[in-house]
Structures are given as structure tokens and as C-alpha cells.
Amino acid sequence: MQSDLKDYMLSLLTKLISMDTVSGTGKSLADCYEYLKKEMENHSRVLTINGKDGTRNLLAKVEGQGPRVLVAAHYDVVPPGTGWSSQPFEARVEGDKVFGRGAADDKGGVAVAMALLRASKGRWNLSVALTGDEEIGGSNGLGAVMEKIGRAYDLALILDSFSREVHCGASGVVSGSIIVKGRGGHAGYPHLADNPLYKLPAIINSLKEFSQIREKKLSALKAPVGSPRDRVWGRFSPTVISAGDRTNVIPNEVIIKFDMRLLPEEDRDTAIDELRSFIGKLPDVELSEVKGGGNYYTDQNVPVVTTFAGHILNKLNEKECFGELGGDDGKYTAGAGIPTVGYGVIDSDSNIHGSNEFVRISTMLTVTENIMEALDKLKM
């Protein structure tokens with residue numbers, strides 16, 4: 001069985017990597033959609049669900065035994081960038097590794113999803129969603145799928161995830177701008193202006209204080225392996241500073257953009273209110289353009305989660321679920337009220353979004369077999 005499974009997934013993955021499916025602009029997005037649609041039709045009935053921007057997403061359903069499980073993966077990728085040792089849109093196989101843009105994020109996950117669909121044949125009550133815009137937010141991908149089908153499942157599995165962890169939540173992100181006010185003017189007459197750049201050191205020090213406040217917030221979920229803390233923690237990072245565009249003009253304001261990561265179970269609005277309250281105490285500063293969220297938390301004590309995630313955790317010699325430090329499409333399934341877990345083919349060294357991204361064939365096989373066993377457990 002393993003030899004047949006390996007050949008199938010490797011053939012599928014090689015074909016997928018050869019397609020330029022960069023979100024929104026890739027020249028092979030339509031071809032990839034057509035290829036996956038035909039492949040899915042070999043194993044089930046298939047529904048196309050279009051996003052508002054025309055993104056084409058696929059949903060295949062096979063009726064079988066056990067709870068209703070939705071497996072989700074995405075076929076879009078980030079731009080290849082530079083620094084590759086081979087062509088990013090040509091699969092290069094070296095021993096156990098397959099290199100190429102999207103190999104691990106998330107075309108390896110697509111190959112796993114297709115292998116599950118192929119193996120189902122009434123064995124499980126399974127649906128597979130393959131979406132086309134996860135890398136640019138997912139609202140026209142899995143977001144559109146969930147708008148169409150609603151809360152139709154007992155469990156969702158997000159394959160855009162790591163191989164040594166089972167995630168029961170994700171941090172999501174809140175971003176925005178902090179505006180430091182001043183009074184602009186001619187740089188030859190600085191005494192007539194109030195240069196906001198001089199206020200930056202004190203403001204940055206204050207933001208570091210807020211970052212330290214955030215760091216004291218801890219989740220119930222374990223932090224990923226290699227993290228500086230045992231539990232997922234709150235994070236706040238100033239990331240971009242911009243001011244002015246001419247050397248002889250003192251700007252009116254300085255804009256500091258930030259990235260704030262939530263705890264999976266944290267209330268988004270409360271976190272924003274805490275930031276707004278802190279910023280409100282700083283002179284000549286205001287908060288602007290705050291948006292985002294996308295954090296979610298799945299209770300590990302829900303029976304379907306305990307059974308499914310528990311089996312995989314046992315295989316990984318782990319006792320409890322982890323939390324994702326970033327965000328993923330699970331926000332859409334969790335937002336629809338579906339218990340959501342993440343488990344996939346990304347290894348810690350897969351270099352996703354970087355040059356020479358790769359996935360291990362052995363990891364794909366192990367992940368697929370672990371999921372199959374967990375799905376079988378759900379039927380008992």
C-alpha cells in the first residue's frame with residue numbers, strides 16, 4: 001500500500017509544482033484548477049465554489065462512515081523569489097526531498113488530501129476542499145466555501161500545518177498604524193516646526209513596554225517546539241516606520257505600523273481596546289487603521305477532537321495540542337462553529353516561503369497514514 005500511495009502522491013505533487021499558481025497572478029491557476037477538478041472527479045462528485053474575485057475552489061464529497069470531516073488544503077503559493085538552486089516551478093527530487101515552490105506549503109498538503117479522497121470509497125464520511133487564495137487571506141478561498149456550505153461538518157482538518165504538532169488553535173494577527181503627530185515645515189527653519197521624529201525614541205520605548213505587557217499573556221495551548229515559552233504568548237511588534245519624502249521638509253507626522261499576535265482564545269476586541277487605552281496615554285500619538293483578527297481556539301475535550309487529535313498526538317509522543325503562532329484558514333471553519341485542528345506535511349526545516357522550499361516524501365506518507373488511522377478511530 002505504501003508504495004502505491006507514494007507513487008500516487010509523488011506524481012500528483014510533481015505535476016502541481018510545475019504549475020505557477022502564485023495567488024491572484026499565477027499563469028497556471030486555471031490549469032491547476034482544471035487538473036485538480038478532473039482528478040477529484042475520478043473519486044467523487046465535485047462542486048466548484050467561486051470567490052467574489054473569481055477564485056475557483058473545489059469541494060469533493062464522499063459519503064461513508066463516521067462523523068462528517070472536512071479536509072482543507074490550498075493550491076495557491078507565494079511568489080518564488082530568488083536564491084533557488086533549481087527552477088522553483090519544476091519539481092526536483094533528491095532522495096527523500098521534493099524541492100519546489102509550494103512543495104510543503106501547501107501542494108504537499110493537496111497531495112495528502114487527494115490521497116485521502118482516493119482511499120475513502122465509503123470508508124469515511126469525508127469532504128475535501130482545495131482552495132486558491134490562502135496566501136492572500138483566504139476570504140475568496142475557504143472563506144467562500146464556508147459561506148456556501150455553512151456548518152455542515154463535525155470536524156475540520158487544516159492540512160496547511162506542521163508534521164510534528166497537532167494544532168488546536170491559531171494566533172491570527174491584528175495590524176494597524178500608530179501616528180506620531182508633529183508640525184511640519186521648512187528644514188531650514190526647524191525652530192518654526194515641531195519635528196515628530198524627535199519624539200520617536202520615547203514612543204518606541206513605550207511600545208516596548210506594551211510588548212512586554214503582551215508577552216505576559218499566556219494561552220492554554222502549548223507553544224510550538226523551539227519556542228522561548230512553554231505556552232503560546234501574546235506578541236506586539238513595531239514593524240515599519242515611515243515619515244516624509246524630502247530631505248528639506250520636516251514632516252507633519254511619523255507612521256509606525258505594527259503586528260500584534262493574539263492568543264488563540266483571546267477576545268480580539270478586548271485586545272484592541274487594551275492597545276487603544278495604552279496608546280491613548282501617550283502624548284501626540286493616535287491609533288489608526290486597526291484591522292484583522294483570525295485567531296481561533298478548539299476545545300480539546302470535544303469528543304471528536306479528543307479521538308482524532310488524540311490518536312495523532314499519541315503517534316507523535318505528545319500529550320496535548322499546540323497553538324499556531326501565525327494564522328491559517330482554520331479561522332473560517334472555526335468561525336462557522338466547526339471544531340478545527342491543524343496537522344500537515346511541513347517540517348521545521350522545510351523553508352516555506354523561502355528559496356529551496358521542500359517537502360519530505362516520508363513525511364507525506366506518515367502524515368497520510370496517521371490521518372487515515374485517526375479517521376478510522378472516529379468510526380468506532
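Key figures
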quantity: Test for GLY335: is it at pLDDT below 95, surrounded by fewer than 20 Cβ atoms within 10 Å (Cβ to Cβ) and either on the phi > 0 side of the Ramachandran plot or under 22 Å from the mean Cα position of the chain (by Cα) (or both); calculated: no
quantity: Strands (runs of 3 or more DSSP E) contained entirely in segment 18-117, each with at least 3 residues that are more than 21 Å from the chain's Cα centre (by Cα) and closer than 21 Å to LEU155 by Cα; calculated: 45-50, 56-62
quantity: Residue selected from segment 338-349 under the condition open to solvent by less than 10 Å² (accessible area, probe 1.4 Å), in contact with a strand residue (DSSP E or B) (Cβ under 6 Å, 6 or more places away or on another chain) and part of a loop (DSSP other than H, G, I, E, B), by the criterion farthest from GLY150 (Cα to Cα); calculated: VAL345
quantity: Inter-residue pairs, beta-carbon under 9 Å, first in contact (Cβ under 8 Å) with a residue 12 or more places away in the chain and assigned to a strand (DSSP E or B) and in segment 351-372, second among the polar types (S, T, N, Q) and crowded, with 18+ Cβ neighbours inside 10 Å, 6+ apart; calculated: PHE358/SER350; VAL359/SER350; ARG360/SER163; ARG360/SER350
quantity: Meets criteria (in contact with a Leu (Cβ under 8 Å, 6 or more places away or on another chain) and open to solvent by less than 40 Å² (accessible area, probe 1.4 Å)) for ALA144; calculated: no
quantity: VAL359 vs. criteria at pLDDT 95 or above and surrounded by fewer than 21 Cβ atoms within 10 Å (Cβ to Cβ); calculated: no
quantity: Count - residues of segment 236-268 that are outside any loop (DSSP other than H, G, I, E, B), among the aliphatic types (A, V, I, L, M) and farther than 16 Å from ASP194 by Cα; calculated: 4
quantity: Residue in segment 226-235 that is surrounded by 18 or more Cβ atoms within 10 Å (Cβ to Cβ), part of a loop (DSSP other than H, G, I, E, B), modelled with pLDDT of 95 or more and of a type in the set (Asp, Glu) present; calculated: no
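The values are calculated or read from the model by the stated rules, or taken from the named source; none is laboratory data. Everything numeric here is computed off the predicted structure, so don't read it as measured data. Positions of Cβ are generated from backbone atoms using ideal geometry, with glycine treated the same way; all protein chains shown enter the neighbour counts. SASA here: full protein model, heavy atoms, side chains in, ligands and nucleic acids out. Shrake-Rupley method; radii C 1.70, N 1.55, O 1.52, S 1.80 Å.
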